[in-house]
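Student: My questions will all concern the structure given below.
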Amino acid sequence: MYLTYKYLIIMKAKHITSIISFFFFCLPAIIFAQDWPQFLGSERNSTSLQKNILRNWPEQGPEILWSVNVGIGYGGPIVKSGKIYLLDRDDKAGDIMRCFNLSTGKELWKFAYDAPGEVSYPGSRSVPIVDEDYVYSCGAYGDLYCIDIKTQKNVWNKNIWTDFGGEKIPVWAVTQNPLIYNNLLIVASQAPQAGVVAYNKLTGDLVWKTPNLGNESYVSPTVVKIDGEDHVVMVTSTTNNYKYPDLEHILGNVVGIDPLTGKILWKYSNWNCVISVPPVVDAGDNKLLITGGTSLGQQ
């Protein structure tokens with residue numbers, strides 16, 4: 001599904017304050033006032049621990065407390081300690097990390113870097129992650145940044161695409177929502193020389209990388225429990241022979257990885273989905289829920 005936002009809107013619904021990125025041609029995606037510091041929430045599973053959340057909006061809609069203009073895109077905001085962080089984008093210039101006051105909508109600071117360019121469905125791509133004093137984000141051209149939220153200065157940055165032999169950017173750009181595991185920042189490079197990579201979250205030093213795991217996808221790594229142990233799981237796509245009929249037809253992979261070493265622990269190689277986007281869901285009992293769907297292929 002492709003979403004495009006133009007405004008960041010905050011609304012009040014009874015005693016629950018919600019942040020909403022307003023999406024055209026789509027139902028709103030809602031993030032609640034409880035801290036939501038990364039992609040899919042505090043536990044990275046789309047679940048809020050907050051109670052007494054309204055199941056239906058009032059007939060007149062929730063009260064709008066404030067709104068600000070942002071660029072078009074497909075990313076989303078996060079919330080931590082009364083602040084909102086959003087990786088915005090201007091295709092003519094580059095990516096822009098923006099920080100807003102949750103209560104007032106006032107922009108507190110922004111950090112921009114050069115990364116011009118436009119791909120199909122232009123605009124932002126990913127959701128940042130906040131950890132202690134730092135916010136991390138990955139832009140559409142593979143620019144991975146660690147920014148100090150107190151000084152608003154760059155601590156370290158890498159490029160997860162070009163650093164590992166990537167040349168022509170993927171069709172819909174690099175689409176990664178960074179994952180923090182202990183002292184590691186984990187993202188999927190999917191460049192020719194790397195699949196998933198892990199950096200020291202404070203220094204940016206490369207700690208481990210896997211080999212390339214298969215065809216490009218738009219999935220972010222997820223941590224699940226297998227026999228009580230943490231595994232990082234990544235999903236790749238089936239070859240898009242509809243767009244590239246001359247390429248060898250290769251099915252997608254679902255790969256389990258040791259989060260501390262990058263060692264490949266297991267692999268399922270019969271995943272048939274041309275454009276994989278959603279991450280896996282830990283369904284318990286050593287089971288994973290894997291979803292995907294496009295008009296180009298079957299699951």
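Student: Exactly one of these conditions fails for Thr261: (1) within 17 Å of the chain's Cα centre (by Cα); (2) assigned to a loop (DSSP other than H, G, I, E, B). Give me its number.
Tutor: (1)
Student: Just name the residue that is surrounded by the most Cβ atoms within 10 Å (Cβ to Cβ) out of those in the stretch 35-88 that are acidic (Asp, Glu) and not in a strand (DSSP E or B).
Tutor: For the stretch 35-88, the residue satisfying everything is Asp35.
Student: Also, quick follow-up: Looking only at the stretch 130-166, count every residue that is part of a loop (DSSP other than H, G, I, E, B) and modelled with pLDDT of 95 or more and tell me the total.
Tutor: Qualifying residue count for the region: 14.
Student: Any residue in the stretch 121-143 that is surrounded by fewer than 24 Cβ atoms within 10 Å (Cβ to Cβ), acidic (Asp, Glu) and without any contact (Cβ under 8 Å) to a residue 12 or more places away in the chain?
Tutor: Yes: the stretch 121-143 contains one or more residues that are surrounded by fewer than 24 Cβ atoms within 10 Å (Cβ to Cβ), acidic (Asp, Glu) and without any contact (Cβ under 8 Å) to a residue 12 or more places away in the chain.
Student: Sticking with this one: What is the residue count in the stretch 207-238 for residues that are part of a loop (DSSP other than H, G, I, E, B) and surrounded by 19 or more Cβ atoms within 10 Å (Cβ to Cβ)?
Tutor: Residues that pass the stated criteria total 11.
Student: Then there's this: Please go through the stretch 167-206 and pick out each residue that is in a loop (DSSP other than H, G, I, E, B) and under 14 Å from the mean Cα position of the chain (by Cα).
Tutor: Trp172, Ala173, Val174, Thr175, Gln176, Asn177, Pro178, Ser189
Student: Name the residue that is modelled with the lowest pLDDT, counting only residues in the stretch 90-129 that are of a type in the set (Val, Ile, Thr) and in a loop (DSSP other than H, G, I, E, B).
Tutor: Going through the qualifying residues, I end up with Val119.
Student: Can I ask one more? Here is a check on your reading of the model: is Ser269 among the hydroxyl-bearing types (Ser, Thr, Tyr) and crowded, with 19+ Cβ neighbours inside 10 Å? Even if it seems obvious, please write down each step before you answer.
Tutor: Details: among the hydroxyl-bearing types (Ser, Thr, Tyr): yes; crowded, with 19+ Cβ neighbours inside 10 Å: no.
For Ser269, the condition - among the hydroxyl-bearing types (Ser, Thr, Tyr) and crowded, with 19+ Cβ neighbours inside 10 Å - is not met.
The values are calculated or read from the model by the stated rules, or taken from the named source; none is laboratory data. If you're wondering where the values come from, they're calculated on a predicted model, not measured in any experiment. Because the Cβ atoms are built from the backbone with ideal geometry, glycine has one as well, and the counts that use them run over all protein chains shown.
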